[in-house]
Amino acid sequence: RCPFRYFAHKLNQKPTEDDDEGEDLTHRQKGELLHTILFEFYHNRRDQPPLSASTDAEFEAAVQELQTLAQAHLGRSKRDGLFWEIDVVETLIGGHGRAGTLPTFLAEERGRKFDVHPRYFEVQFGHRNMSERVDSILSCAEPIQVGEVPLSGRVDRVELGDGFFTVADYKTGSYTPKIRDILEGRSLQLPLYLFAIEQLLRKHPPRASRGVGGVYYTLREDCKAELGIGE
């Protein structure tokens with residue numbers, strides 16, 4: 001209804017008087033919440049064996065750890081009520097017959113047969129002011145130069161293999177770009193992420209490696225991994 005309100009509220013993230021009204025989370029808020037929870041979870045587990053190598057007991061402990069972390073973040077919102085419990089808490093964490101987005105995501109990750117494992121999370125480049133939720137090892141305040149263009153951005157996740165890597169992007173919406181969108185120039189996110197991370201890894205020997213793929217991880221109750229681009 002108002003372009004300036006959209007610009008101020010959505011893009012500049014300025015609060016409005018109705019931000020805290022209602023029991024639901026906006027799509028943007030839900031996406032930011034999931035990114036924060038997964039960053040903390042994987043950051044704490046950076047040096048632990050991948051979930052694909054976990055025993056049943058170790059996996060159940062990881063699920064409990066993730067659910068506890070999510071419950072703590074949801075508790076900070078100071079919202080409650082039946083609608084909040086059903087539409088938000090059970091959707092994300094599970095309960096009353098619902099598996100929940102986060103436990104389903106971990107189960108899918110445990111069953112993946114990729115030759116890469118999660119290593120860096122929320123890698124930021126080209127931003128002088130680093131946020132708290134940022135990978136302190138690989139992130140860089142300087143932009144990545146692509147031709148004459150200084151590039152800034154944030155990569156949700158970098159997964160390492162033996163001499164190669166993939167980038168991963170968390171998606172909370174219903175649509176993910178297809179290879180045709182990339183080849184026809186409508187979606188440049190994954191190719192640019194691959195280029196940027198390759199430059200950053202060159203500064204961390206012996207981590208120099210080749211980017212071989214970009215993957216979308218959909219964060220819904222029907223979580224799945226979808227190859228966006230790759231060899």
Scan region 98-128 for residues that are outside any helix (DSSP H, G or I) and farther than 18 Å from Gly230 by Cβ and report the count. 12
Take the residues in region 165-186 that are open to solvent by 60 Å² or more (accessible area, probe 1.4 Å) and either not in a loop (DSSP other than H, G, I, E, B) or not acidic (Asp, Glu) (or both); name whichever of them is modelled with the lowest pLDDT. Ser174
Which condition does Val212 not pass, out of (1) at pLDDT 90 or above; (2) within 30 Å of Gly94 (Cβ to Cβ); (3) surrounded by 15 or more Cβ atoms within 10 Å (Cβ to Cβ), if it passes all the others? (2)
Scanning region 70-91 residue by residue, the ones that are at pLDDT below 85, of a type in the set (A, V, I, L, M, F, W, C) and surrounded by 14 or more Cβ atoms within 10 Å (Cβ to Cβ) total 5
Just to be sure before I move on: is Tyr170 in contact with a helix residue (DSSP H, G or I) (Cβ under 9 Å, 6 or more places away or on another chain), of a type in the set (Ser, Thr, Tyr) and free of Cβ contacts under 8 Å to residues at least 60 places away in the same chain in the structure I sent? no
Confirm whether Arg154 is open to solvent by 70 Å² or more (accessible area, probe 1.4 Å) and of a type in the set (Lys, Arg). no
Counted residues in region 46-66 being surrounded by fewer than 16 Cβ atoms within 10 Å (Cβ to Cβ) and within 18 Å of the chain's Cα centre (by Cα) come to 2
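The values are calculated or read from the model by the stated rules, or taken from the named source; none is laboratory data. Computed from a predicted model, the values in this text were never measured in an experiment. With ideal geometry, Cβ positions are generated from the backbone for all residues, glycine too; neighbour counts draw on all protein chains shown. SASA here: full protein model, heavy atoms, side chains in, ligands and nucleic acids out. Shrake-Rupley method; radii C 1.70, N 1.55, O 1.52, S 1.80 Å.
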